[in-house]
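This report concerns only the one structure given below.
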Amino acid sequence: MSYFTILVGIILVNNYVLAQFLGICPFLGVSKKMDSAVGMGVAVIFVMVLATAATWPIMQILNTLNIAYLQTIVFILIIAALVQFVEMALKKFIPSLHKALGVFLPLITTNCAVLGVCISNIDDGYNYLQSLVNSFGAGVGFLLAMIIFSGMRSKIDDNPAIPKAFQGAPITLVTAALLSLAFMGFGGLV
Amino acid sequence: MEKKTSKLSILTKGIIKENPNLVLLLGTCPTLATTSSALNGAGMGVSAMAVLICSNIVISLLAKIIPDKVRIPCYIVVIAGFVTVVQFVLQAFVPSLYNSLGLFIPLIVVNCIILGRAEMFASKNNVLDSALDGVGMGIGFTLSLTAIGAVRELIGAGTIFGFALPWLSAHPMMIIALAPGGFFIYACAIAAINFATKGKGVKGSFGCQGCAMASICQQEKCIAELEKGVEA
């Protein structure tokens with residue numbers, strides 16, 4: 001499978017948020033403002049690639065030791081520790097980047113998209129480089145969905161024409177449904 | 001401590017008054033992803049309920065021993081342990097359900113309902129209350145997932161728990177069983193509650209308030225920063 005196919009597949013066809021329902025919490029929660037949507041998206045790309053870079057080799061160790069069933073426990077701990085370290089490292093060495101992404105990092109620890117991409121890379125049998133490309137693509141897909149969605153929300157939210165029962169959370173979900181419908185158009189591309 | 005709540009109210013509040021996904025709007029990922037049929041929804045609900053009850057019991061027992069600073073990682077390890085057990089049980093006894101839920105079984109670890117109950121309830125209450133809370137919240141979660149799943153299955157495939165219905169199964173609206181339908185039916189369910197309770201029913205909102213990590217990531221600061229927008 002070529003890297004390009006993986007990228008197109010994960011960004012457009014099997015978009016993590018809109019087709020696979022991973023990472024819905026930040027998608028619905030942090031998409032009100034374009035700035036924070038972009039910040040969250042970039043932070044997710046960053047953590048996804050790092051987490052995959054760390055968990056893929058660990059999985060090979062688990063496999064050789066025949067304790068693959070510990071995958072869930074080991075992965076979530078690695079991700080949690082990694083995010084902590086990254087936050088500390090950024091704070092110390094690249095304060096400007098920490099200022100931009102720091103707020104989002106703790107939120108990402110228990111984001112199901114990050115754990116999800118690490119596990120699905122293993123399940124799909126990708127090699128190391130394919131896994132990294134797949135994670136990067138999943139993050140880019142998330143960022144893309146975040147940007148489009150926050151643009152849509154700025155037009156739709158708080159519109160007085162919305163029926164009372166649908167104001168707030170329901171209209172957000174209906175908007176997401178329309179975006180998801182649009183992304184279904186990419187089906188069959190790869 | 002506020003006034004003592006009865007055992008019965010601890011048990012029942014999770015089912016209707018504080019239903020985790022229809023009232024508090026927690027656990028949106030599994031709610032959307034595993035409700036393509038009633039059986040999948042019920043399976044997810046029961047699996048999450050098993051993990052929730054066990055982790056609530058263990059965490060309430062360990063609450064005094066776990067140092068405050070490392071409590072979240074400890075809770076996550078306890079939850080991940082039980083998720084692994086559930087994974088084994090499903091794989092051995094209901095392999096078809098195991099295959100259709102797939103990735104979402106290990107992802108029970110990061111289900112914010114479970115971590116949220118550990119942080120907000122089990123760590124502060126005794127074992128019996130925590131177990132009851134787990135049962136109540138679990139039943140509420142299972143019921144709402146099954147209901148959403150049943151509606152999506154009925155419209156999307158014309159079947160209910162796998163049994164084909166005469167006219168509907170000949171005219172299915174596929175889209176409802178696919179991804180956009182998940183968002184749409186969930187939206188309709190919340191809107192229906194809003195309508196029935198005149199806007200007072202739904203307590204949660206999507207955002208930091210609903211997140212289980214809120215207590216450790218300095219919620220107010222975090223929200224204030226997000227509202228302000230991030231100056232890069």
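The values are calculated or read from the model by the stated rules, or taken from the named source; none is laboratory data. Here the structure is a predicted model, which means the values were calculated and not measured. Don't worry about glycine lacking a Cβ; one is built from the backbone with ideal geometry, like all the others, and counts go over all protein chains shown.
One residue stands out among those in the range A:134-146 that are surrounded by fewer than 23 Cβ atoms within 10 Å (Cβ to Cβ) and out of contact with any Gly (no Cβ under 7 Å at 6 or more places or on another chain): the one that is nearest to the other protein chains (Cβ to nearest Cβ), which is A:LEU144.
Between A:ILE45, A:ILE58, A:ILE78, the distinction of being more than 10 Å from chain B (Cβ to nearest Cβ), at pLDDT 85 or above and farther than 26 Å from B:GLY116 by Cα belongs to A:ILE58 only.
Among the residues of the range B:28-40, those that are outside any loop (DSSP other than H, G, I, E, B), within 13 Å of another protein chain (Cβ to nearest Cβ) and more than 11 Å from the chain's Cα centre (by Cα) comprise B:ALA33, B:ASN40.
Determine if the range B:7-19 includes at least one residue that is within 14 Å of chain A (Cβ to nearest Cβ) and under 16 Å from the mean Cα position of the chain (by Cα). Yes, there is a match, as at least one residue in the range B:7-19 is within 14 Å of chain A (Cβ to nearest Cβ) and under 16 Å from the mean Cα position of the chain (by Cα).
Applying the set (1) surrounded by 24 or more Cβ atoms within 10 Å (Cβ to Cβ); (2) within 13 Å of the chain's Cα centre (by Cα); (3) β-branched (Val, Ile, Thr) to B:ILE79 leaves exactly one unmet item: (2).
Among the residues making up the range B:105-135, those that are in a helix (DSSP H, G or I), touching a residue at least 24 places away in the same chain (Cβ under 8 Å) and under 12 Å from the mean Cα position of the chain (by Cα) are B:LEU107, B:ILE108, B:VAL109, B:CYS112, B:ILE113, B:ILE114, B:LEU115, B:GLY116, B:ARG117, B:GLY134.
For every residue, the table says whether it meets (1) within 22 Å of A:GLY141 (Cα to Cα); (2) within 16 Å of the chain's Cα centre (by Cα).
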{"site": "A:SER2", "(1), (2)": "yes, no"}
{"site": "A:CYS25", "(1), (2)": "yes, yes"}
{"site": "A:GLY29", "(1), (2)": "yes, yes"}
{"site": "A:LYS32", "(1), (2)": "yes, no"}
{"site": "A:ALA89", "(1), (2)": "no, no"}
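Of all the criteria given as (1) surrounded by fewer than 19 Cβ atoms within 10 Å (Cβ to Cβ); (2) outside any helix (DSSP H, G or I), the one not satisfied by B:GLY102 is (2). Screening A:GLN84 on (1) surrounded by fewer than 20 Cβ atoms within 10 Å (Cβ to Cβ); (2) away from chain B (no Cβ under 11 Å); (3) not β-branched (Val, Ile, Thr) shows it passes everything except condition (2).
Does the range B:124-134 contain any residue that is at pLDDT below 90, under 30 Å from A:VAL103 (Cα atoms) and more than 14 Å from every other protein chain (Cβ to nearest Cβ)? The answer is yes, given that some residue of the range B:124-134 is at pLDDT below 90, under 30 Å from A:VAL103 (Cα atoms) and more than 14 Å from every other protein chain (Cβ to nearest Cβ). Just so you know, in the range A:99-116 the residues that are part of a loop (DSSP other than H, G, I, E, B) and among the hydrophobic types (A, V, I, L, M, F, W, C) include one that is nearest to the other protein chains (Cβ to nearest Cβ), and it is A:VAL103.
Which of the residues spanning the range A:157-177 are assigned to a helix (DSSP H, G or I) and surrounded by 15 or more Cβ atoms within 10 Å (Cβ to Cβ)? A:ALA165, A:PHE166, A:ALA169, A:PRO170, A:ILE171, A:THR172, A:LEU173, A:VAL174, A:THR175, A:ALA176, A:ALA177, listed by residue number.
Being within 14 Å of chain A (Cβ to nearest Cβ) and either over 30 Å from A:GLY185 (Cβ atoms) or surrounded by 19 or more Cβ atoms within 10 Å (Cβ to Cβ) (or both), is that true of even one residue in the range B:159-168? The answer is no, given that none of the residues of the range B:159-168 is within 14 Å of chain A (Cβ to nearest Cβ) and either over 30 Å from A:GLY185 (Cβ atoms) or surrounded by 19 or more Cβ atoms within 10 Å (Cβ to Cβ) (or both).
When B:SER37, B:SER9, B:SER47, B:SER60 are checked against the criterion of being touching a residue at least 60 places away in the same chain (Cβ under 8 Å), polar (S, T, N, Q) and farther than 17 Å from B:PHE104 by Cβ, a single residue qualifies: B:SER60. Give just the number: which of (1) farther than 22 Å from B:ILE114 by Cβ; (2) surrounded by 18 or more Cβ atoms within 10 Å (Cβ to Cβ); (3) at the interface with another protein chain (Cβ under 9 Å from one of its Cβ atoms) does A:SER96 not satisfy? Exception for A:SER96: condition (2). Within the range A:1-36, being surrounded by fewer than 24 Cβ atoms within 10 Å (Cβ to Cβ), within 10 Å of chain B (Cβ to nearest Cβ), among the aliphatic types (A, V, I, L, M) and assigned to a helix (DSSP H, G or I) holds for one residue alone: A:MET34.
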